[in-house]
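Structure first, commentary second.
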Amino acid sequence: MLLCQSILDLNIDHWTHRLIAFLCDLTNWYVRLNRSRLKGTDGQCSVPISLAVLYHVLLKMTVIMAPFTPFFAEYLYQRLRKRLPTFDSTSSPADSLGSADSVHYVMLPQAETATADDQVITGMALLQQAVELGRRARETANISMKTPIKNVRIVCESQKALAALRGHLEVYILEELNAREVLLTSDVELWCTLSALPNLPVLAKRLGSQVRTAADAIRCLDPLSIRAYSKVGDISTTFKGETFHFATGDLIIKSTFSGDANRYSAMSSPDGSLTVAICTVQDDILRRQGITRDFCNRVNKLRKKAKLSIVDNVDVLYADMHAETCAKLKQSSLCTSAALVDNQNMLKKASICPMPFSACRSQIIISDTSATPGGSNSLKIALVIPAPTLSAATRRRFRDCVPCETLLATCDLRGKARLRGSMSGESFSLAVGAEVFPSATAALLGSC
């Protein structure tokens, strides 16, 4: 109703800004936070549900956008309507979604306020604000998003907001801020110090020549009075015999993190209601996680650069040249292979199974050599075409497996139960899937 009335009143700017904000939330939050569900890495059962929700929202959004972007909305509608059951229906009303020949024949949808979950809305609003403040705290401390942090502490006085954030929403904070732990607290007095400043442009209009005295009175307010004002938005105080009444907007409340500045980097919301502090102390566990995360990012960039789709199987190989140099010079350095071994869950989630470069027996698709933050100064990563590979047990049976594996790389295992041949006068018969595998990745997984 409000949207229809605003269109009739030609109040276009207000609603276009709200539509753009909603589209930003849809793209930067819903799609981003549900990447794993949309791709199916969280399980195939989550894919149809998440895609159905996204489709439903896009379809409703197309109808709402029609008065403001008529041609683009029509373009979207004609492609989305083909998936609706009413698309080929002759019994559906002419103005219903799907059967309507144009989006401009469809009536604007009514808001279903009864189905809105206030707790989810509150928790999501706090999550968005906490993530944005956490990113700014990282920038202030000059900590890259690729580098994991030990914990993020969220200080908020509202117990209701914290309760809405607890549970499944905490996982998103861990992912978005690349943190190992989330700590929620409502003890603002312990972690924050509130201060008040006069909003001079507002007070000058109302108080005139008394604005300087009022400003001094505001600066002398005690923490309890400031906290009471931040909750109620209204306070009265007496200063030098004069009584001043301050309403919402007269004071600018600032919240300052009072924790250890050597261990935390913090940011607060403009109204002081929320403070987010990230732990800046690093250890070897976090550095190894950072190395593994950077490894996964580089592999994904190489796949994108090589124009590989998500279904294209490749072997991932790596060589830490810096570790070899450090070993010769007897210098200490965080080992890439040790970091990858310690973070198998992260690699499994990214569907990456890295192997030493010595396992390469096939053609390299693409490779890259660069430094890893907190790790090797020269790490080579290559994507290789899958080729038949011996299992670890079978390799030990051959006196010299390199010529054999080089020969195997030219074989085609499709439809074969056993691979037979001879080399150096000795015949062999290898079981496919047990002694020989179609790729180095399959051999490594099959040997585990």
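Mind listing the Cα extents of the chain along all three principal axes, in Å, largest one first?
Here the spans come out as 108, 75, 31 Å, largest first.
Leaving out ligands and nucleic acids, note down the accessible area per residue over the stretch 193-331 with a 1.4 angstrom probe, in whole Å².
That works out to 56 Å² for each residue.
Compare Arg298, Arg395, Arg153 in a GNM of the chain, Cα atoms joined below 10 Å, and give the one with the largest fluctuation.
Arg395
Round to a whole angstrom and tell me the spacing of the C-alpha centers of the stretch 280-324 and the stretch 133-209.
31 Å
Express in whole angstrom the spacing between the alpha-carbon centres of the stretch 39-90 and the stretch 350-364.
40 Å
Leaving out ligands, DNA and RNA, and with a 1.4 Å probe, what % of the accessible surface on the chain is carbon or sulfur?
Using a 1.4 Å probe with all protein chains present, the chain comes out at 56 percent carbon and sulfur.
Within straight cross-link reach of Lys304, meaning Cα distance under 18 Å, which aspartates and glutamates are found once same-chain residues fewer than 8 apart are removed?
Asp294, Asp312, Asp315, Asp368
Which residue fluctuates the most in the chain, going by a Gaussian network model with Cα springs under 10 Å, if the choices are Leu97, Leu390, Leu174?
For the chain, modelled as a Gaussian network with Cα springs under 10 Å, the answer is Leu97.
Compute, for the chain, the length of the dipole vector about the Cα centre, with Cβ point charges of +1 (Lys, Arg) and -1 (Asp, Glu) only. Units Debye, rounded to 20.
1600 debye
How many percent of the alpha carbon pairs in the stretch 200-270 exceed a separation of 17 Å?
Beyond 17 Å sits 49 percent of the P(r) for the stretch 200-270.
Report the calculated FRET efficiency for Val57 and Leu445 (r = Cβ-Cβ distance, R0 = 51 Å), to the nearest 0.05.
Efficiency, from the Cβ-Cβ distance: 0.85.
Given the DSSP H assignment, sum -39500 (n - 2.57) over each helix run of at least 4 residues in the chain and divide by its residue total; what's the result at 222 nm in deg cm²/dmol, nearest 500?
Result for the chain, helices only: -13000 deg cm²/dmol.
Please list 269-277, 362-370 highest first by mean number of surrounding beta-carbon atoms within 10 Å per residue.
Per-residue mean Cβ counts within 10 Å order the peptides as 269-277, 362-370.
When the dipole is taken about the Cα centre of the stretch 27-124, and only Lys, Arg (+1) and Asp, Glu (-1) are charged at their Cβ, what size is it in debye, to the nearest 20?
480 debye
Could you pull out every whole DSSP H run in the chain that spans at least 18 Å of Cα extent along its own axis and averages 0.0 or higher on the Kyte-Doolittle scale?
Qualifying helices: 12-25, 46-65.
Heavy-atom accessible area per residue, the stretch 93-181, 1.4 Å probe: how many Å²?
About 53 Å² of surface per residue is accessible.
Antiparallel versus total DSSP beta bridges in the stretch 255-385: what percent is that, nearest 5?
Expressed as a percentage, antiparallel bridges in the stretch 255-385 total about 85.
Springs between alpha-carbon pairs under 10 angstrom, Gaussian network model over the chain: which of Glu405, Glu175, Glu112 fluctuates most?
Glu112
The values are calculated or read from the model by the stated rules, or taken from the named source; none is laboratory data. Note that the structure is predicted; figures quoted are calculated from it, not measured. Methodologically, a virtual Cβ is constructed for each residue, glycine included, from the backbone with ideal geometry; neighbour enumeration extends over all protein chains shown. Protein only, heavy atoms only, side chains kept; ligands, DNA and RNA dropped before computing areas. Shrake-Rupley method; radii C 1.70, N 1.55, O 1.52, S 1.80 Å.
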